[in-house]
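Notes to accompany the following structure.
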Amino acid sequence: MNASRPNTLRRLCLAAALAAAAPLSLAQAWPNKALTWIVPFAAGGPTDGMARDIADKVGRQLGQPIVIENVAGAGGTIGATKAARSKPDGYTFLVGHLGYMGAGPSLYKKLAYDPVKDFDAVFRFPDTPLVLLAGKNSKYKTATDLIAFAKANPGTVNFANAGVGSTSHLIAALFASRAGIAVSQVSYKGVAPAVNDLIGGQVDAIFDQSNTALPQVQGGRLNAIALTSLKPMPQQYPGVAPLADQGLPGFEAATWYGLYAPKGTPQDAIQKMHAAYLKALADKAWTDRMAAAGIQLLPEAQVAPAAFAKHTADEVDRWRKVTAEAKIQLN
Ligand code: ASP
């Protein structure tokens with residue numbers, strides 16, 4: 001009897017170990033806990049809105065919640081720096097856009113991260129054209145009005161933006177350069193606080209995304225005075241002319257977004273995250289809603305990690321030329 005006790009004990013221990021090991025191996029399958037997506041702008045703005053919508057759908061596919069962490073400031077570079085320095089364990093990601101992940105290296109002499117070398121591309125979000133907004137009682141009813149006034153009064157038109165190097169800042173600078181006008185830029189920590197000041201009349205205009213601007217325009221709080229899409233958007237913005245038809249032929253701009261992982265993140269997590277997004281896109285009611293808001297869905301081939309990595313590298317090159325040509329400098 002005495003001799004059998006250690007045996008029984010050993011067997012019990014073994015059984016306990018096996019029982020513990022079984023759920024452990026299952027638990028190890030990615031993802032086994034909540035994930036974090038860093039959004040480097042204030043809550044309530046376009047980056048935040050799009051990220052939350054996509055994170056909700058992707059999280060459902062993965063069976064784990066995706067928590068949005070807003071790390072705002074310096075045109076997105078503070079959040080991107082935090083993401084680049086995060087542990088590449090498959091649980092922290094960055095929502096990136098054309099500013100800090102495209103134009104960043106040509107705008108900042110000392111950027112703490114390299115959009116290409118320090119990140120793995122995961123998938124690309126849909127694109128969104130922009131809308132030039134002015135206050136409800138503004139004297140600018142069209143971009144043509146604004147350009148004419150700015151030509152006669154250089155530097156007096158104030159453009160709000162989401163921070164130096166943000167989409168709203170870059171597109172306003174491109175617009176001013178193409179229109180041959182000098183405008184003043186006022187920086188905020190995101191489009192949400194900037195739009196509040198536009199509604200309050202403290203600033204004159206902003207380039208906001210078509211989808212987030214829509215409720216403000218439909219709610220009668222702001223006027224849309226131009227579009228950055230080449231073609232009109234009669235469904236969303238009836239009667240609003242593209243900049244291309246307001247004296248800036250060929251002018252076209254859209255924001256691109258996508259998800260990045262700190263370099264070294266397990267490929268398994270990247271592939272599964274991408275696959276979950278593709279599955280989420282099968283929800284036609286969702287994609288129809290996005291299209292109705294003026295969001296441009298992309299073909300699957302452009303969404304994939306390798307294609308998005310190439311797009312990022314191409315954009316870094318393209319913005320070097322654009323910022324030099326349009327003389328966009330940080331001051
Ligand atoms: N994406 C916006 C911009 O760069 C910022 C924001 O989402 O608030 O203008």
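A 1.4 Å probe run over the protein chains yields, for the chain, 45 Å² of accessible area per residue, whole-number rounding. If a/c stays under 1.5 just call it rounded; otherwise compare a/b with b/c (prolate if a/b is bigger, oblate if not). Do that for the stretch 213-331, with a ≥ b ≥ c from the square roots of the Cα gyration tensor eigenvalues. Judged from the Cα gyration tensor, the stretch 213-331 comes out oblate (a/c at least 1.5, b/c at or above a/b). In nm, to one decimal, how far is the LYS284 label point from the LEU330 one, both placed 7 Å along Cα→Cβ? Label-label distance for LYS284 and LEU330, simple model: 4.6 nm.
Using only side-chain charges placed at the Cβ, +1 for Lys and Arg and -1 for Asp and Glu, the dipole size of the chain relative to its Cα centre rounds to 820 debye.
Rg over Rh for the chain works out to 1.12, using Cα positions for both radii and the Kirkwood form for Rh. Extending 7 Å from the Cα toward the beta-carbon at both LYS136 and LYS109 defines two label points whose distance is 4.6 nm.
In terms of the mean number of neighbouring beta-carbon atoms within 10 Å, the peptides 72-79, 92-99, 288-295 order highest first as 92-99, 72-79, 288-295. Sorting 42-55, 203-216, 162-175 by average packing, meaning the other beta carbons within 10 Å per residue, from highest down gives 162-175, 203-216, 42-55. Using Cα positions and a limit of under 19 Å, work out the aspartates and glutamates in reach of LYS189, with same-chain residues fewer than 8 apart set aside. Correct list for LYS189: ASP48, GLU69, ASP197, ASP204, ASP208.
By accessible area, using a 1.4 Å probe on protein heavy atoms only, the stretch 119-170 has 55% of its surface on carbon and sulfur. Rolling a 1.4 angstrom probe over the stretch 180-331 with all protein chains present gives an accessible area of which 54% lies on carbon and sulfur atoms. Among the listed pairs LYS109/LYS310; LYS151/LYS321; LYS151/LYS310, those with a Cα-Cα distance over 31 Å are LYS151/LYS310.
The values are calculated or read from the model by the stated rules, or taken from the named source; none is laboratory data. Quick caveat, the model's predicted, so the values are computed rather than measured. In this analysis, Cβ positions are derived from the backbone assuming ideal geometry, glycine residues included, and neighbour counts consider all displayed protein chains. Calculation scope for accessible area: heavy atoms of the full protein, side chains included, ligands and nucleic acids excluded. Shrake-Rupley method; radii C 1.70, N 1.55, O 1.52, S 1.80 Å.
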